[in-house]
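First comes the structure, then the notes that go with it.
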Amino acid sequence: MAEALTACVAAGGEDAPQLEVRDLSLRFGRGCPACLREAPAFEGNVCPACGTVHAVRAASLEVYPGEIVGIVGESGSGKSSLMRCVYFDEQATGGDVRARPFDGGERNLLDLSPQRKRAVRNQVFGMVYQNPHLGLRMGFSSLSNIAEAMIASGERNVGVMRARGEGLLERVSIPLARATCPPRVFSGGMQQRVQIAKALSANPPILLLDEVTTGLDLSVQAAVLDLILDIRRSSNVSMLVVSHDLGVIRMLADRTLVMLSGRVVEQGLTDQILEDPQHPYTQKLVSSLL
Amino acid sequence: MQQRYNFAFFDEASKREIRRAVLKGVCIPGYQVPFASREMPIGRGWGTGGLQITLSLIGRDDVLKVIDQGADDSVNAVNIKKLVCDTTDVDVTDDTARATLIQSRHRIPEQPLTSKQILVLQVPTPEPLRSFEPSEAATRVLHAEADYTGAWLELFDQIVAYDTTVTGADHPVMVNGRYVMAPSPIPRFDNLKLDQAENLTLFGAGREKKIYAVPPHTSVRPLDFEDYPFVRERFEGVRCALCGAEGVFFDELEDEATGEVRYQCNDTAFCAARRAQQREGDAAPDGAALGPAPDAALDSAPEDAPGEEPGEEAGAREVV
């Protein structure tokens, strides 16, 4: 069904995928003949023979222009690891990642030199982590945090960067009077919004959102989700959203992948996944939704 | 010379190892070369990096000058001179022109150096990206990939907060278009003296175990932004209260009793030489080509008499 859907979107949509991930895997340990087979005989993601942890196993996905793709799964299912591999925070063991906005999808990003990877991180992807401490420099002012990616891509004009930074802070509803404050002194919700502004600073065509609303109170959650939808509406950015919260996925994602033990076990339109789950794990996940 | 020691304190193998690091530094301008910093009879953080370079380079014919914060006769400078003299018997001088080897902290002498001279600077923090990235392993990768976002980001953060960069000293510089380097805590005033200099400048960080270099005729550009260009400290309309010099780096001195502020040359040897010349000029009337003469009122102040210790202006002198 997933293949049919992909083909349908590709044929009907005017554009090829912005981001294409094929057979991405992340493994901690050497692996052995027992666990490197196509369909290993054990459950979970730890090989009983050699102890190798298979964090991500042959995961594939694509994100089309302006589309939001969600990844759900329980803790330890490999959804964040998958995203961290795409963003080069983690070095993938194998696979193929292509980004159209970077080079037309010609090369596998995982084979690029460290400098080129840095350029991809700065110009193609915007990343928002669950923990703002990972995405922000807490001691630097909010404006400086936003300017970082611009400086990295060669901007050397303070006026230009300040104006763009203030525009972005306004967009995420942070008063300009706080623009020179370091995020250290902000509340969690404000930190998360600064992080989103930072991720948007270099106008990235692809946003990676890792559990953005986890740990925020409900009203702030709603504000952040509104902001994300607003960004999609106005900038036609493609997004990959990781969350264990089916409510967030229902609200944001057009298509959804379900991960379990490092594998993608099911994918399809979000409504389909939530209304008519096929895989036993998805059924359990959906039925446990309050 | 105290014969208990080898010439210049170190054994020859140690000197050779340090010279090898120096040579590598000269070959890759601005690159921090790790070296085995030796135990010294002075504490780390008190100029051991510079001292090790000085001791490894010095020969019997060298003439040594040591400056600390612009002064030849401050405690740290005197002690370093004593140690080198006791173990080498070389000549020491205050005269910048006569010195072949100049070890300095915080200043590059006012008098331009020549291709026959080597300047050795003592460095407290050789890593310009350290406050941005605490991990040494990570900063090495950043240098290797020439990713200097962090250095610019720090300047940007200062501009956001204060509308100007606030690097009082140690303003980061781009060397030879490749490596961003901490130029030791010399004031911004001296940064431009490194650019296309005639002399070799060596940087030694004893505590951090790094040596780096700016060879002669190398481009050294302070980092700055298009709309916030690099500026030196400004001393507009300021003259030295002792020798009348203008356009040099000044110490600001405040008379605690009267609250009166006056300035004098930070480079004491430069100031003393000018005053000596002026005295000769007074004796022979044709020596008038010495630049601005000191004010008569200042001449009459006996505590400013030439040859005296400079005022103890910098009570908060940090020693490196």
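The values are calculated or read from the model by the stated rules, or taken from the named source; none is laboratory data. Fair warning: this is a prediction, and the values are worked out from it, not measured in the lab. Cβ sites come from the backbone with ideal geometry, for glycine too, and all protein chains shown count toward neighbours. Ligands, DNA and RNA are excluded from the accessible area calculation, which covers all protein heavy atoms including side chains. Shrake-Rupley method; radii C 1.70, N 1.55, O 1.52, S 1.80 Å.
Structure data summary
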read-out: Integer Hz, Karplus 6.51/-1.76/1.60 couplings in order for the range B:132-145, x for Gly and Pro; value: 7, 9, x, 7, 5, 4, 5, 5, 4, 5, 4, 5, 4, 8
read-out: In order through the range B:110-120: 3J(HN,Hα) via Karplus (6.51 cos²θ - 1.76 cosθ + 1.60), integer Hz, x for Gly, Pro; value: 5, 6, x, 7, 10, 5, 8, 10, 10, 9, 10
read-out: Angle in degrees between helix A:2-12 and the longest Cα principal axis of chain A, rounded to the nearest 10; value: 50
read-out: Residue-normalised accessible area of chain B, expressed per residue, 1.4 Å probe, Å²; value: 45
read-out: Among B:ILE186, B:ALA283, B:SER131 - extreme Cα towards positive end, dipole of chain B, charges at beta-carbon; value: B:SER131
read-out: 10 Å Cβ neighbours from other chains, averaged over peptide B:153-163; value: 6
read-out: Listed residues B:SER104, B:SER115 arranged by accessible area, highest first, probe 1.4 Å; value: B:SER115, B:SER104
read-out: Exposure of A:LEU218 as accessible area (Å², to 10), given a probe of 1.4 Å and all protein chains; value: 140
read-out: Accessible area, probe 1.4 Å, largest first, for residues B:LYS193, A:LYS284, B:LYS24, A:LYS79; value: A:LYS284, B:LYS24, B:LYS193, A:LYS79
read-out: Size of charge dipole - the protein assembly as shown - debye, nearest 20, with Cβ of Lys, Arg +1 and Asp, Glu -1, no other charges; value: 2320
read-out: The range B:135-163 and the range B:170-185: distance between their alpha carbon centers, rounded to Å; value: 12
read-out: Shape box of chain B [Cα atoms, principal axes, largest first, Å]; value: 60, 58, 37
read-out: Two-decimal ratio, the protein assembly as shown, of alpha-carbon radius of gyration to 2.2 N^0.38 Å; value: 1.26
read-out: Percentage, to the nearest whole number, of Cα pairs in the range A:42-168 over 27 Å apart; value: 33
read-out: Burial of 20 Å² or greater, the range A:170-188 residues [accessible area, probe 1.4 Å, versus chain by itself]; value: A:THR180
read-out: Separation between Cα centres of the range B:227-281 and the range A:49-115, rounded to whole Å; value: 62
read-out: Portion, in percent, of the accessible area of the protein assembly as shown that falls on carbon or sulfur, probe 1.4 Å; value: 50
read-out: Dipole in debye (nearest 20) - the range B:32-183, about Cα centre, beta carbon charges: Lys, Arg +1; Asp, Glu -1; value: 340
read-out: Built amide H within the under 5 Å cut-off of B:SER74, gap 5+; value: B:ASP68
read-out: Placed amide H near A:GLY268: partners under 5 Å, 5+ positions off or other chain; value: A:THR256
read-out: Karplus-derived HN-Hα couplings along the range B:181-188 (A = 6.51, B = -1.76, C = 1.60, θ = phi - 60°), whole Hz, x at Gly and Pro; value: 10, 8, x, 6, x, 7, x, 3
read-out: q = 0.13, 0.23 Å⁻¹: log10 I(q)/I(0) that the Debye formula gives for the range B:132-255, counting C-alpha atoms only; value: -0.64, -1.47
read-out: Reachable lysines from A:LYS198, criterion Cα separation under 24 angstrom, eight or more residues apart if same chain; value: A:LYS79, A:LYS117
read-out: Square roots of five times the Cα gyration tensor eigenvalues for the range A:120-205, Å; value: 18, 15, 11
read-out: Which of B:PRO172, B:ALA273, B:PHE7, positive extreme of dipole for chain B (C-beta unit charges); value: B:PHE7
read-out: Two-decimal ratio, chain A, of alpha-carbon radius of gyration to 2.2 N^0.38 Å; value: 1.01
read-out: Heavy-atom accessible surface that B and A bury in contact, both chains counted, 1.4 Å, Å² to 100; value: 1900
read-out: Sequence-distant lysines (8 or more away, or on other chains) whose Cα lies within less than 23 Å of B:LYS116; value: B:LYS15, B:LYS24, B:LYS65, B:LYS81, B:LYS193
read-out: Cα-centred dipole magnitude for chain B, charges only on beta-carbon of K, R (+1) and D, E (-1), debye, nearest 20; value: 1880
